[in-house]
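Notes to accompany the following structure.
The values are calculated or read from the model by the stated rules, or taken from the named source; none is laboratory data. Worth saying up front: this structure is predicted, and the values here are computed from it rather than measured. Methodologically, a virtual Cβ is constructed for each residue, glycine included, from the backbone with ideal geometry; neighbour enumeration extends over all protein chains shown. The protein model used for the area step is the full one, side chains on, heavy atoms only, and it has no ligands, DNA or RNA in it. Shrake-Rupley method; radii C 1.70, N 1.55, O 1.52, S 1.80 Å.
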Amino acid sequence: MRKELENILFDHLKTSLSAELKTMLVRGHSTDDRHIPYISIDVGEIKPFGDMLESDGIFEAEVNVAIADSAHDIDYKYLFPRISEVRAILGTFALENDKYRCEGLWFESETDARDDNNLGVVLTYKLVFQRL
């Protein structure tokens, strides 16, 4: 279920991002080489929502979206619009197919994700969905 939802979110971004940003999108659970800059989406552990049981069919998962660029060769005028575009797209996410229903992702936080070689952020969302 986790990989399936990650693929749904990946495809949603892939079809919604501007042409330039589409080329930066990489799968979160992959051993593929990540060329800088990149946008990566990762769905965390799926668990029953709140105090509910798995049999209730309502689940939650943390979704992390990393948006990274080189710390050595970056132009900030490009980084911040990337972040804004991803947030706008995920802010309107809705899903209803024959397996799942999700009314949206709830933005939780933006974390600085810099290290010696990269600058960027990790956007954290809460995905609450129903398995049909």
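Under the condition of being open to solvent by 40 Å² or more (accessible area, probe 1.4 Å) and closer than 22 Å to ASN118 by Cα, which residue from the range 1-29 is modelled with the highest pLDDT?
Checked the range 1-29; the qualifying residue modelled with the highest pLDDT is LYS22.
Restricting to the range 105-132, give me the number of residues that are open to solvent by 50 Å² or more (accessible area, probe 1.4 Å) and touching a residue at least 12 places away in the same chain (Cβ under 8 Å).
Residues that pass the stated criteria total 12.
Being part of a loop (DSSP other than H, G, I, E, B) and either modelled with pLDDT under 95 or open to solvent by less than 80 Å² (accessible area, probe 1.4 Å) (or both) is the filter here; which residues of the range 30-47 pass it?
Residues satisfying the conditions are SER30, THR31, ASP32, ASP33, ARG34, HIS35, ILE36, PRO37, GLY44, ILE46.
Scanning for something part of a helix (DSSP H, G or I), closer than 25 Å to ASP98 by Cβ, free of Cβ contacts under 8 Å to residues at least 60 places away in the same chain and among the small types (Gly, Ala, Ser), does the range 48-57 turn up at least one residue?
yes
Tally time: how many residues in the range 87-117 are closer than 20 Å to ILE39 by Cβ, in a strand (DSSP E or B) and within 15 Å of the chain's Cα centre (by Cα)?
Matching residues across the range 87-117 total 8.
If you take the residues in the range 62-81 that are crowded, with 18+ Cβ neighbours inside 10 Å and modelled with pLDDT under 95, which one is farthest from ASP112 (Cα to Cα)?
ASP69
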